[in-house]
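Shown next, in structure tokens, is the structure this report addresses.
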Amino acid sequence: MKKIAIEVNGKKVSKEIQDHTTLSGLLRDILNLTGTHIGCDTSQCGACVVHVDGKSIKSCTALAADLDGSKVTTIEGLASNGKLHPMQEAFKKMHGLQCGFCTPGMVMSAVDLLKNKKNPSDQEIRDWLEGNICRCTGYHNIVAAVKEAASKM
Amino acid sequence: MASLVGSRVERKEDKRFLTGKGRYTSDINIANQTYAIFIRSPHARAKIKKIDTSKALKSSGVVEILTGEHIAQDKIGGLIAGWAIRSEDGSEMKCPANPPLAKDSVNFVGDPVAVVFAETLDEARAAADLVKVDYKVLKAVSNLSEAMNSEAIHDGIEKNLCYDWLLGDRQKVKEAFEKADKIIKLDINNNRLIPNAMEPRACVIDYNTASEEITCYTTSQNPHLSRLIMSAFGGVAPENKLRVVAPDVGGGFGSKINLYNEEIVCSWASKKIERPIKWVAERTESFLTDTHGRDHITHAELAVTNDGKFLGFKNETIANLGAYARVFGTVTPTYLFGPCATGVYIMPAAYSNVKAVYTNTAPVDAYRGAGRPEATYTIERIVDKAAMELGMDPIEIRMKNFPTEFPFKQTLVHQIDSGDYVAGLNKAKEMADYDGFAARKKESESKGKLRGIGVTSYFEACGIAPSPVVMMLGCGVGLWESAEVRFNPTGQVTVYTGSHSHGQSHQTTFAQIAADELGVPMENIDVVHGDTDKGTFGMGTYGSRSLTVGGIAIVNACKKIVNKGKRIAAKMLEASPDEVDFKNGEFVVAKSNKKKTIGEVAFASYLPGVRDEVKSPLPEGDEPGLIESSFFDPANFSFPAGSHICEVEIDPETGHVKLDKYTAVDDFGTIVNPLIVEGQVHGGLAQGIGQALYENAQYDDSGQLITASYMDYTMPRADDLPNFNLGFTCTKATTNPLGVKGCGEAGTIASTPTVMNAVINALGGKEISLPATAEKVWKACKEMKKSNAKAA
């Protein structure tokens, strides 16, 4: 067991956790932040992507015990004061989601892309999102949504 | 009020999904819940000699361990095939028992034999490792082409044959073939796929010891049907003591139609241990135990004249059922496949013969398109081959054989109510710049690349209903759909549907329809589905049936509401119901300014006698309230159709196939929400392209699934696909009041042959099996080079 203190979506959290608790496990099972999804357990699908200290990572293969002192943002923390983030707005406008299961990871990944590249091309968007699998949309509207968000941010 | 049908309305469901507030089954936790881990067979085929749970039972945190013996003791029934298919000789199909936990024998890797319930997931996992199962391993039947000549897997099922089915007339086909100038022959596979909804299957069970009611939260496409099967066949509990809830479901694609072992076992066990139970599949469990799709071997022949007219068609197929026959397992390779195998063409004579066999692999069932992709792949590949052998253009040969008059009686079963195949193909040809292909091919060649173009024209039979037809064909239930529309006294509307959304956007589309019918703003309409305690009954969502069957039930229920509303408004306005018109949410007396809004009428209906203008607004014979329901059973399937064209560029040095351009032109009749329909097409295309280029479920000779993770099973990713170029034509369906046709599966149905036709075109007609992986294409390119060198 290890005690860690982290900040999740702007709130300070201090928890005693098992050594093998993953960040996704901490978020979902201990903090009840179930917006972060587990789709594969092997860091292949990207449904679990969150931001740690501003960078997107796959939370299903990050050990929570390693993250003492870090700042975590999940899909629940993206909107502020009830106003959707431009990326969330764009996914809605362009129908970039269907069943919604991959969406939290996809959105968190896309937000990080725009931090790195302000106006990515279609190919750059597709390359960046290669680690996030979506089975519903065929990615067409996801790419459109990221471009839409880039134009608004 | 402008009509909402036809508008690109943004989705009502998006906000919760985009803010992490969706509620999927694995998000649900119940106080005091236990965690389930299933112990699964590591062997494809074995006898269970002994299961020793003694050590595991003493493990920390273990609450209970149950096996097939307990299932048998409690007489819990198993999983079933939903369709009874007869062989050509009239004999009934042969189906093995499929108990929820195997007791005597296991038949595929992943077949569950026992289950551990413990206080924590870690404890359940640790205890599961201590359960000792002694197997006598038998030789597995894992190869489809050898299954009929292998040892029988199930007692009494000779040749592993479930049925040997025929649709069509062998004699007529023989005569047609005798008249042909040329017989085109094709041997193809239809590769096995794993649906891979992004949400792994899960169930959370809550047993209420006071009411003795079991609530099963589960990842299902049809919760009512799951409850029915679990009750009627599983004997878990009577339906009134069993509530099945499918909350937000993260994709299905057919894999969540079936009721599965885990739902039966956990529902039954929850009552036994008097504790809630949570089970969530790991991805590899999903790979191993979700129903798989496709998996055919087909020999087809097409009889043609020298000028490209089709005379007759033969389809001889062996279909893999996997280890057991499940709900749509037996109908997918027969009635969902055979009739569509003659494609969009006038085909004077045809038959489809299908032998469905058991193998020691996961059960095969409906996967997006279910039978129709396999059918379309068969006909569209052989039509292309015919064009090539006759030296004709692939578009010309298709045009030559299209029907141009509707209704069109298709060769084997269907009476197609409407369509315009010529318009669709012409539009696709123009959008794809078909005529510019030669120049683009030249350009690719100048870079050392190969370029190919592929065409597919398809129709499909979906909107799976009507009850009299499906029951005649062997379905165990009628496939209608129900809806209930309730006005609250204060004017908001709740629509209950038996249909289920797991990505299809029912909350938006159905609200658009109801808003148009009732003249109530969409934001005041809630669509409720997925809970057997809410709404009457439903047959669920599959076969592109939600809108064409479930949506129409909503329309009809709304029409009943309006009719009752007219009677009430007439009484309130002191007019006769015949004089009252309903438009834009208002009941208006003809040639007057007297009117009532539907909200006022709804309010009045709940408060008979309180309104001051009349003593009671309710006419004689009408009961209070404004609630109506409808069961809709259409007169026919719906028949979407279209033409797709794609171009690929192949690098002969690596075998990499770049999907360069993809154009899809579809006819879905009336489109309620273009934004959503386009999304359905995009997703369908990605899955069909995945089948053509990437996806393949592979078992080894011992029956081990060697593609059981995302490292081994290639899912199409963002950088594998292009942007899609979509177009639509419209001929309205004549069998429903909206004129709608199903749109959910079309993309999957058309895209696999489109891509393969393009790949094979690029390879100069060289046949290649599905999927066209870089390795296979590279080898084909090498051979091409060799034979070109020889010819030179």
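The table below gives the values:
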| item | result |
| --- | --- |
| So B:Y694, is it more than 11 Å from chain A (Cβ to nearest Cβ), among the aromatic types (F, W, Y) and over 22 Å from the mean Cα position of the chain (by Cα) | no |
| Residue that is farthest from the other protein chains (Cβ to nearest Cβ), among those in region B:667-681 that are touching a helix residue (DSSP H, G or I) at 6+ places or on another chain (Cβ under 8 Å) and farther than 13 Å from B:R368 by Cβ | B:D667 |
| Cβ pairs under 6 Å, 6+ apart, first in region B:311-334 and in contact (Cβ under 8 Å) with a residue 60 or more places away in the chain and outside the structural domain of B:A386 (by TED's automatic domain parsing), second of a type in the set (D, E, K, R) and buried (at least 24 other Cβ atoms within 10 Å of the Cβ) | none |
| Residues within region B:129-151 that are over 30 Å from the mean Cα position of the chain (by Cα) and surrounded by fewer than 22 Cβ atoms within 10 Å (Cβ to Cβ), tallied | 13 |
| Candidate set from region B:509-524 (those that are touching a strand residue (DSSP E or B) at 6+ places or on another chain (Cβ under 8 Å) and crowded, with 23+ Cβ neighbours inside 10 Å); member that is nearest to B:K12 (Cα to Cα) | B:A511 |
| Whichever residue in region B:699-712 is facing another protein chain (nearest Cβ under 10 Å) and under 23 Å from the mean Cα position of the chain (by Cα) and, among such residues, is nearest to B:G110 (Cα to Cα) | B:S709 |
| Odd one out for B:S769 among (1) more than 30 Å from B:V555 (Cα to Cα); (2) within 14 Å of chain A (Cβ to nearest Cβ) | (2) |
| Single residue of region A:27-38 satisfying the filter (within 8 Å of chain B (Cβ to nearest Cβ) and of a type in the set (A, V, I, L, M, F, W, C)) that is nearest to B:E199 (Cα to Cα) | A:I38 |
| Total residues in region B:657-670, condition surrounded by 24 or more Cβ atoms within 10 Å (Cβ to Cβ) and more than 19 Å from B:L425 (Cα to Cα) | 1 |
| Single unsatisfied condition, B:P640 versus (1) closer than 18 Å to B:R368 by Cα; (2) without any contact (Cβ under 8 Å) to a residue 24 or more places away in the chain | (2) |
| Residue within region B:732-748 that is under 23 Å from A:D122 (Cβ atoms), at pLDDT 95 or above and more than 10 Å from chain A (Cβ to nearest Cβ) present | no |
| Residue within region B:394-413 that is at pLDDT 95 or above, out of contact with any strand residue (DSSP E or B) (no Cβ under 6 Å at 6 or more places or on another chain), buried (at least 21 other Cβ atoms within 10 Å of the Cβ) and on the phi > 0 side of the Ramachandran plot present | no |
| Residues being within 12 Å of chain A (Cβ to nearest Cβ) and closer than 22 Å to B:G530 by Cβ - total across region B:255-289 | 6 |
| Failed item in (1) closer than 30 Å to A:G131 by Cβ; (2) in contact with a helix residue (DSSP H, G or I) (Cβ under 6 Å, 6 or more places away or on another chain); (3) crowded, with 24+ Cβ neighbours inside 10 Å, with B:V244 passing the rest | (1) |
| Which numbered condition B:I671 fails, given (1) closer than 30 Å to B:D516 by Cα; (2) touching a strand residue (DSSP E or B) at 6+ places or on another chain (Cβ under 6 Å) | (2) |
| Residue pairs meeting the criteria (Cβ under 9 Å; at least 6 apart or on separate chains; first within 17 Å of A:I38 (Cβ to Cβ) and modelled with pLDDT under 95, in region B:10-23; second outside any loop (DSSP other than H, G, I, E, B) and not aromatic (F, W, Y)) | none |
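The values are calculated or read from the model by the stated rules, or taken from the named source; none is laboratory data. Quantities reported herein were computed from a predicted structural model and do not represent experimental measurements. With ideal geometry, Cβ positions are generated from the backbone for all residues, glycine too; neighbour counts draw on all protein chains shown.
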